[in-house]
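S.K.: Starting off with a structure, shown below.
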Amino acid sequence: MRSSARNFKKRAFTLTEVMVTTVVAGLILGTVMSFLVSTANFAAYNEGKLLVNHDIRKFTSELSDNATYSNFFVIYESFTNRTVVDDGGSGDFLVLAFVDDDNPSLYTAVIGFYRAATADSEGPVMRFSTLFDSPQADSLENLLPAPSTLGTHNEIIELSKGLSDGQLFYNFFNRSITVQGEILHQGSNLKRATNTYNFTVSPRG
């Protein structure tokens, strides 16, 4: 009995052994947690890049399809500031106008794309489409959605920044629209997913 008790006492962990084991276990746990966090950030960043590319393809497709068949375009400063942007200027609100083949003074549809943000901030890109049952003789400005409807339309890009004087749409000789922007998604907690976007399209006239 006494021999067994002595052997039991010899097999017990010392305070130093317990402390060393705790430190080693902490280091292993820290390494595993760091690996898991890095893996999660990497996966989130890759998902953000995929979403950015999806937004770019969607935006390019919608803008190209609509602009190609429109009769003319107008670029405004923003959705709430309806100041027209002339050749060589940039704005955050693009309107594509469609007119009647027999009477070009009548509008059959207006389609708009706008960035819901200021020139100094990020914001989504929204789209609206208004088709008229009968051609409209009203002015183009009166056929547009009211400024108070800002942000209520379909979102096609989650976040964007304008690269042309902080705005998205550039008026190229009143003939073409050049889109210059940066498309963003949140991505990981450490690094945002982003991609520069540059695209030019011209209405048929």
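S.K.: Look through the range 113-125, keep the residues that are in contact (Cβ under 8 Å) with a residue 40 or more places away in the chain and part of a strand (DSSP E or B), and return whichever of them is surrounded by the fewest Cβ atoms within 10 Å (Cβ to Cβ).
M.R.: Here the residue is Phe113.
S.K.: Taking the range 135-160 as the region of interest, how many residues are of a type in the set (Ser, Thr, Tyr) and assigned to a strand (DSSP E or B)?
M.R.: 1
S.K.: All but one of (1) out of contact with any Gly (no Cβ under 8 Å at 6 or more places or on another chain); (2) over 21 Å from Gly123 (Cβ atoms); (3) touching a residue at least 40 places away in the same chain (Cβ under 8 Å) hold for Asp65; state the number of the condition that does not hold.
M.R.: (3)
S.K.: For the range 69-109, enumerate the residues that are touching an Asp or Glu at 6+ places or on another chain (Cβ under 6 Å) and not in a loop (DSSP other than H, G, I, E, B).
M.R.: Those that are touching an Asp or Glu at 6+ places or on another chain (Cβ under 6 Å) and not in a loop (DSSP other than H, G, I, E, B): Ser90, Gly91, Thr108.
S.K.: Could you check how many residues of the range 57-83 are loosely packed, with under 14 Cβ neighbours inside 10 Å and under 18 Å from Asn142 (Cβ atoms)?
M.R.: Counting residues in the range 57-83 that are loosely packed, with under 14 Cβ neighbours inside 10 Å and under 18 Å from Asn142 (Cβ atoms) gives 2.
S.K.: Quick one: count up the residues across the range 161-205 that are hydroxyl-bearing (Ser, Thr, Tyr), part of a loop (DSSP other than H, G, I, E, B) and at pLDDT 90 or above.
M.R.: 1
S.K.: Still on this structure, I have one more. What are the residue pairs meeting all of these: first residue in the range 89-102, first residue surrounded by fewer than 20 Cβ atoms within 10 Å (Cβ to Cβ), second residue among the aromatic types (Phe, Trp, Tyr) and part of a strand (DSSP E or B), Cβ atoms under 6 Å, and 6 or more apart or on different chains?
M.R.: Listed by first residue and then by second, the contacts come to Ala97/Phe72; Val99/Tyr107.
The values are calculated or read from the model by the stated rules, or taken from the named source; none is laboratory data. None of these values were measured; they are calculated from a predicted model. Note that we place each Cβ from the backbone using ideal geometry, even for glycine, and neighbour counts take in every protein chain shown.
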